[in-house]
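Asker: I have a structure here, written as structure tokens, and I will follow up with some questions on it.
What follows draws every value from the coordinates through simple rules; no lab data is involved. If you're wondering where the values come from, they're calculated on a predicted model, not measured in any experiment. Cβ sites come from the backbone with ideal geometry, for glycine too, and all protein chains shown count toward neighbours.
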Amino acid sequence: MKRKLFSIAFVAATLLSLPAFAQRTTSGTVTAASNGEALPSVAVRVKGTNLAAVTNYDGKYSISASQNAVLIFSALGYATQEVAASGAVVNVKLSESSSKLDEVVVTALGITRDRKPWVMQSKRLVERK
């Protein structure tokens, strides 16, 4: 009798906890608010987790998220936006932000040149004169 009661309680607990762990696929398109063009390479993250995706060339993305998850959209040159994943399709329009452009740093560290071709070219120029 105890074993049967334990089995019923275990099955009931398992069935009641399934919706809490349910993941569904949320997809959509990310566009620019100014002109409506699709934005490629926008990072899409689920807040509080390690789940992430990137939009393709057409601005489309697909990510697994729980029903009450918050999606974070971020791209260079655009303001970061947080949106609730309320449905299966979540379309987002990002507005431009010039403050994000301060984060870009371009360096020439690690670039090496082979000087040999330049020496050979200068010898040829001297010989031709």
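Asker: Quick one: what are the phi-derived ³J(HN,Hα) couplings along region 85-93, Karplus 6.51/-1.76/1.60 with θ = phi - 60°, whole Hz, x for glycine and proline?
Answerer: My calculation for region 85-93 gives 7, 7, x, 6, 10, 10, 9, 10, 10 Hz in order.
Asker: Calculate the spin-label point distance for Thr107 paired with Lys4, positioning each point 7 Å from the Cα along the beta-carbon direction, and give it in nanometres.
Answerer: Here the answer is 7.2 nm between the modelled labels.
Asker: For the residue pair Lys60 and Ser41, what label-to-label distance in nm results when each label sits 7 Å from Cα along the Cα-to-beta-carbon direction?
Answerer: Label-label distance for Lys60 and Ser41, simple model: 2.1 nm.
Asker: For region 76-83, what does the Karplus curve 6.51 cos²θ - 1.76 cosθ + 1.60, with θ = phi - 60°, yield as ³J(HN,Hα) per residue in whole Hz, taken in order and with x for Gly and Pro?
Answerer: With coefficients 6.51, -1.76 and 1.60, one gets 5, x, 10, 6, 5, 10, 10, 9 Hz.
Asker: By counting other Cβ atoms within 10 Å of each Cβ, how are Glu37, Glu96 ranked from fewest to most?
Answerer: Working: Glu37 9, Glu96 14.
Fewest-to-most ranking of Glu37, Glu96: Glu37, Glu96.
Asker: Tell me, in nm to one decimal, what length is gained between Gln23 and Ile72 on full extension, where the rule is 0.36 nm per residue of separation less the Cα-Cα distance?
Answerer: Length gained between Gln23 and Ile72: 15.9 nm.
Asker: May I ask you to order 81-90, 40-49 by the average number of other C-beta atoms within 10 Å around their residues, highest value first?
Answerer: Peptide ranking by packing, descending: 40-49, 81-90.
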